[in-house]
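See below for the structure under consideration.
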Amino acid sequence: QVQLVESGGGLVQPGGSLRLSCAASGSIASVYMMAWYRQSPGKERELVANIGSSGSSNYADSAKGRFAISIDNAKRTVYLQMNSLKPEDTAQYYCRVADFRRVSWGQGTQVTVSS
């Protein structure tokens, strides 16, 4: 079993910043991928960014230049620094971890960008 605990969501004004954290615990292989997804009402869940235990990362076009994903392997924690936030970034943000055995999801943390 793998448990994911997300934190850092909240209400922020357009142009502001937030930092999301996701700590994983339980049985995770030494090679794994962690990611942030988001889902808005009426829309499908979409990838925001992912990062491997090696440190290689990928970003959705909407996140490039504004968001930065990082990982602390010792803490099995992934971070998402979000800058220059826009109202369209408003969504429930979910953490995901995957290794060769399983895929696990967090409960989500709400990010609302509004003036």
If the label point is 7 Å along Cα→Cβ of Arg102, which residues in the stretch 21-43 have backbone nitrogen under 17 Å from it?
23-35
HN-Hα J couplings of the stretch 87-103 from phi, Karplus 6.51/-1.76/1.60, θ = phi - 60°, integer Hz, Gly and Pro as x?
x, 6, 7, 4, 4, 8, 9, 10, 8, 9, 10, 9, 10, 5, 9, 7, 10
Anchor Lys86: lysines whose Cα lies under 26 Å away (excluding residues fewer than 8 positions away in-chain):
Lys43, Lys64
Where the accessible area of the chain is counted over protein heavy atoms with a 1.4 Å probe, how much of it, in %, is carbon and sulfur?
47
Which of the trypsin sites (Lys or Arg not before Pro) across the stretch 54-115 are loop residues per DSSP, with 16 or fewer other Cβ within 10 Å?
Lys64, Arg66, Lys75, Arg101, Arg102
Which one of Ala63, Ala23, Ala74 has the biggest mean-square fluctuation once the chain is modelled by GNM with Cα springs under 10 Å?
Ala74
Given the options Gly8, Thr112, Ser54, identify the residue whose Cα lies farthest towards the positive end of the charge dipole of the chain (+1 on Cβ of Lys, Arg; -1 on Cβ of Asp, Glu).
Ser54
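The values are calculated or read from the model by the stated rules, or taken from the named source; none is laboratory data. The structure presented is a predicted model; accordingly, all values stated were derived computationally and were not measured. Neighbour counts are summed over all protein chains in view; Cβ atoms, including those assigned to glycine, are modelled from backbone coordinates with ideal geometry. All accessible areas refer to the heavy atoms of the entire protein, side chains included, with ligands and DNA or RNA removed. Shrake-Rupley method; radii C 1.70, N 1.55, O 1.52, S 1.80 Å.
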